[in-house]
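Below is one structure, written out as structure tokens, with a few remarks after it.
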Amino acid sequence: MTILVTGGAGYIGSHTVLYLKEKGESVVVLDNLITGHRQSVLNDVPFYMGSLHDQELLHYIFQNHNIEAVIHFAGNSLVGESVKDPLSYYENNLGGTLSLLKVMNKNQVKKLVFSSTAAVYGDPKCVPIQEEDPTIPTNPYGETKLAIERMLHWGEQAYDIKSISLRYFNAAGADPEGHIGEQHHPETHLIPIVLQAASGERDKVNVFGDDYPTPDGTCIRDYIHVMDLADAHYCALKKIRNEKKSGTYNLGNEKGYSVKEVIETCQEVTGREIRVEASPKRAGDPAVLVASSQKARKELKWKPKYSNLKDIITHAWNYHSKKEVHHKNMHYVK
Ligand code: UDP
């Protein structure tokens, strides 16, 4: 039996594919390669380039690969972009998942692990955030992920599709071996941006807001290693397999770091000077987002391995500095 990973060429998807292969699982990937990278997927993993909206292709994959379960990452995930173009988020995230569920149901595939987000909570009233806390998204990205969670709830009632939704906090880091890592074009996430400033790919880091009600005035986030996220997907799959139960879980380290602390740790890890500039707040950024992940630890038996920010940044830097050498070599050859 095989696991279909949609969005398996993206940042979290590709790390999960690597992890599943290490665990001896059979995997097939579907990705439209709009933000994903073909080279992030191992060569021996069957790969389909295509869209979730393509029901014929989905049907072909289900028919030809003996699909047991789906881990569903494919979708758009930029808050700012979702505010500018909400309809494409509804179309790609909600519409794409709707298409996937239809084909799953037609093919009697009843297990799904879904990539959700802390953005479903909006601006939290208190931290650490628990799964039962109010979900009032402040942008279309969070809104579409929440709508999918609700669709999955009703899908279970009607079609008995068991699903686990994983609400990630701030994914960061890279495969500890340095084979794959985070590459977004353009990059918007804090840690890769700071590492680009360390390697000279950009001249400075803009710190979005320094008068938040936090000890140093900058936003606090809960950074979680991408390999720990990958492990959580595997734990969720095992739970659905063994207990046939659905659920919703936060994934975070339960510890927050400020933007300034992240920059200081990057400076320490890289040994390089990083230029910083105070900039206006980014719209819709809550001051503090920290998870309670007690439920995932207890029910999924999930235990993050790399909870230390320095380890997370060290792995990200290993990957980033390798890329840097590659980039310089290319330049030299030219
Ligand atoms: N941030 C920043 N400068 C940047 C990118 C991000 O100050 O160039 C801040 C952002 O305001 C947030 C934190 O870093 O408080 C993490 O942002 P990121 O985009 O990585 O993740 P998000 O929390 O938005 O999912």
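The values are calculated or read from the model by the stated rules, or taken from the named source; none is laboratory data. Computed from a predicted model, the values in this text were never measured in an experiment. Neighbour counts are summed over all protein chains in view; Cβ atoms, including those assigned to glycine, are modelled from backbone coordinates with ideal geometry.
Restricting to the range 152-182, count the residues that are in a loop (DSSP other than H, G, I, E, B), of a type in the set (A, V, I, L, M, F, W, C), more than 15 Å from the ligand (Cβ to nearest atom) and modelled with pLDDT of 95 or more. Qualifying residue count for the region: 1. Within the option set I263, I240, being over 21 Å from S163 (Cα atoms), buried (at least 17 other Cβ atoms within 10 Å of the Cβ) and modelled with pLDDT of 95 or more holds for one residue only, I263. Answer yes or no as to whether N253 is within 19 Å of the chain's Cα centre (by Cα), more than 9 Å from the ligand (Cβ to nearest atom), within 30 Å of E299 (Cα to Cα) and modelled with pLDDT of 95 or more. So N253 passes the test. Would you confirm whether any residue within the range 207-227 is away from the ligand (no atom under 16 Å from the Cβ), surrounded by 22 or more Cβ atoms within 10 Å (Cβ to Cβ), of a type in the set (S, T, Y) and on the phi < 0 side of the Ramachandran plot? No, every residue in the range 207-227 fails to be away from the ligand (no atom under 16 Å from the Cβ), surrounded by 22 or more Cβ atoms within 10 Å (Cβ to Cβ), of a type in the set (S, T, Y) and on the phi < 0 side of the Ramachandran plot. Just so you know, in the range 267-298 the residues that are more than 18 Å from N253 (Cβ to Cβ) and assigned to a strand (DSSP E or B) include one that is nearest to the ligand (Cβ to nearest atom), and it is S279.
Do we find a residue being without any contact (Cβ under 8 Å) to a residue 40 or more places away in the chain and outside any loop (DSSP other than H, G, I, E, B) anywhere in the range 60-72? Yes, there is a match, as at least one residue in the range 60-72 is without any contact (Cβ under 8 Å) to a residue 40 or more places away in the chain and outside any loop (DSSP other than H, G, I, E, B). With the checklist (1) modelled with pLDDT of 95 or more; (2) out of contact with any Pro (no Cβ under 6 Å at 6 or more places or on another chain); (3) within 16 Å of the ligand (Cβ to nearest atom) in hand, flag the one item P134 doesn't pass. Result: P134 passes all but (3).
Check G36, G24 and return the single one that is in a loop (DSSP other than H, G, I, E, B) and within 20 Å of the chain's Cα centre (by Cα). Within the list G36, G24, the selection yields G36.
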